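Inspection log for the structure reproduced underneath, given as structure tokens.
The values are calculated or read from the model by the stated rules, or taken from the named source; none is laboratory data. Here the structure is a predicted model, which is why all the values come from computation and not from measurement. We place every Cβ from the backbone using ideal geometry, glycine too, and count neighbours over all the protein chains shown.
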């Protein structure tokens, strides 16, 4: 083992350089954690998707609406227990910056099909009785200060009111999801409220159903149920595509591009940048310590020990910087989640992310240290003592 | 006493810019145990090269170097490092202390290669520094010491692991007369009181007079005369 006192003293000999390099490592590792956590959040919905739920959508596009009559026909398919209409509403609260998802759905099916949606305040009965009632995820409720009984005016972007006024909802419940496939940021309201408004001309927008959410009967064969539904509408008027909830979530994620690849590319760039910063620091340190390397060798320290002095410096430098970045990522998890809020629900710095960051830190430390260490190992005593650094 | 160091047919050639320079040319020399030798000669006579070869810092191209009965030319790198740690103490012209360590820590360095406990190491280093008159400056860094004290710390480092052989390369070269005399007095003390064999390269005739024997090397690395001083 190398003399660790020497490792530490050399590391902190030039304090400004040490702090700047460690600081840049900390920021880079924090960024890596952040990027990885965004991917984890995106993929969490896919991983947590229910096995007994199917999504029926137009085969052409998610933005092509299906006829209302399809609901009754789907409900009659063998293996289908429940069916719910589900439309993206796409409105905003007060101004466009206040974005969170709103869905119109069959209020009497929501609780049965999505048991993971648990009310933490208010009641399902109240939600189901009042046509203008809604339930709101606790992240959104907390962000905007919504409480049960409050009125929430939403400006319809996809479904504007014809008189230019807002859609007014009354909060009947605040929910928290027990699984990651449903975030805590959404507002659910009665499909009938939207349907009636469109029928009466009070509101305008695309007619039809965005998707049907199907809950299968216990023991039903998923593949067969999917085939039966697809076969039923093969002749139109709208051809459908039935997918599992996991496939649907994955498709939704891929709509914003190959996010994992994109994020990995940025992460790779960050890794290369911090590797170069650490390598530059270690090369300068190794050059400055050339004479010390000669002295250690002359005193009888082996080549491996001398190489270890530099390798441990690199590892310690990265451990400080990377450790600070990991601590920063873990300690700011709640703040970042709040900041991303309803735009990016489900942000979580998982243990896996932290371990990955620790692995990246170790890798940078090894790669940045191994070159200078090998150079020190191969240096002859005479050559090392001759150098003035 | 018998010959502690036996050099036979020692050849060292350096290749520089396509040319070869024969620094030592078949040198034969015996150095007795307990001796204090000053190695003198003109530039290019191979004084420092000889010191490096005897200390196992460099390899000879030809010849044998037997120290205390061991042929160090036949040793592997790790064996040679272990041998140096056990048998040799070095004092360099430029002191070569580790700048980030205190005097005490510099002196403790060679003891990290021994089986001594942390407490024993501290005690040994403290004693060595007291011996060279720097007991009260143990916590000073090299940059806080002037040349003389720096060289005395280097001598404390060279003797702390109780080596049989101390090799000094121009130990007074960077010092004023007063500091040089202090350093030479210390080397004499090591030789006379503690029985260390000392081989010192020097250009300084006054310094060489402190040794017991002066070995003169001629240009081209051949042995000149051997002069008994005291």
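Do we find that residue A:296 is away from chain B (no Cβ under 14 Å), in contact (Cβ under 8 Å) with a residue 12 or more places away in the chain and crowded, with 19+ Cβ neighbours inside 10 Å in this structure?
Here the answer is no, as residue A:296 does not meet what is asked.
Of the residues B:147, B:119, B:173, which single one is in contact with a helix residue (DSSP H, G or I) (Cβ under 7 Å, 6 or more places away or on another chain) and surrounded by fewer than 19 Cβ atoms within 10 Å (Cβ to Cβ)? Step through it out loud before you land on a result.
Details: B:119 fails: in contact with a helix residue (DSSP H, G or I) (Cβ under 7 Å, 6 or more places away or on another chain); B:173 fails: in contact with a helix residue (DSSP H, G or I) (Cβ under 7 Å, 6 or more places away or on another chain).
Matching residue, one of B:147, B:119, B:173: B:147.
Which numbered condition trips up residue A:167, out of (1) modelled with pLDDT of 85 or more; (2) out of contact with any strand residue (DSSP E or B) (no Cβ under 9 Å at 6 or more places or on another chain)?
(2)
Report whether or not residue A:211 is more than 14 Å from chain B (Cβ to nearest Cβ), over 30 Å from residue A:382 (Cβ atoms) and within 31 Å of the chain's Cα centre (by Cα).
Yes, satisfied.
From the residues in the range B:14-37 that are part of a loop (DSSP other than H, G, I, E, B) and at pLDDT below 90, which one is nearest to the other protein chains (Cβ to nearest Cβ)?
For the range B:14-37, the residue satisfying everything is B:17.
Is the range B:12-25 home to any residue that is over 18 Å from residue B:222 (Cβ atoms) and in contact with a strand residue (DSSP E or B) (Cβ under 6 Å, 6 or more places away or on another chain)?
Checked the range B:12-25: no residue is over 18 Å from residue B:222 (Cβ atoms) and in contact with a strand residue (DSSP E or B) (Cβ under 6 Å, 6 or more places away or on another chain).
Just checking, how many residues over the range A:299-322 are more than 9 Å from chain B (Cβ to nearest Cβ) and without any contact (Cβ under 8 Å) to a residue 60 or more places away in the chain?
Total meeting the criteria: 3.
So residue A:187 ticks every box in (1) surrounded by fewer than 22 Cβ atoms within 10 Å (Cβ to Cβ); (2) modelled with pLDDT of 90 or more but one. Which box is left unticked?
(1)
What's the number of the condition residue B:197 fails, among (1) farther than 16 Å from residue B:55 by Cβ; (2) in contact (Cβ under 8 Å) with a residue 40 or more places away in the chain; (3) under 15 Å from the mean Cα position of the chain (by Cα)?
Among (1) farther than 16 Å from residue B:55 by Cβ; (2) in contact (Cβ under 8 Å) with a residue 40 or more places away in the chain; (3) under 15 Å from the mean Cα position of the chain (by Cα), the lone unmet condition for residue B:197 is (1).
Do we find a residue being more than 21 Å from residue A:338 (Cα to Cα), touching a strand residue (DSSP E or B) at 6+ places or on another chain (Cβ under 7 Å) and outside any helix (DSSP H, G or I) anywhere in the range A:134-146?
Yes, the conditions are met somewhere in the range A:134-146.
List the number of the failed condition for residue A:145; all other conditions in (1) at positive phi; (2) touching a residue at least 12 places away in the same chain (Cβ under 8 Å) hold.
(2)
Report yes if some residue within the range A:61-69 is modelled with pLDDT under 90 and surrounded by 17 or more Cβ atoms within 10 Å (Cβ to Cβ); otherwise report no.
Yes, the range A:61-69 contains at least one residue that is modelled with pLDDT under 90 and surrounded by 17 or more Cβ atoms within 10 Å (Cβ to Cβ).
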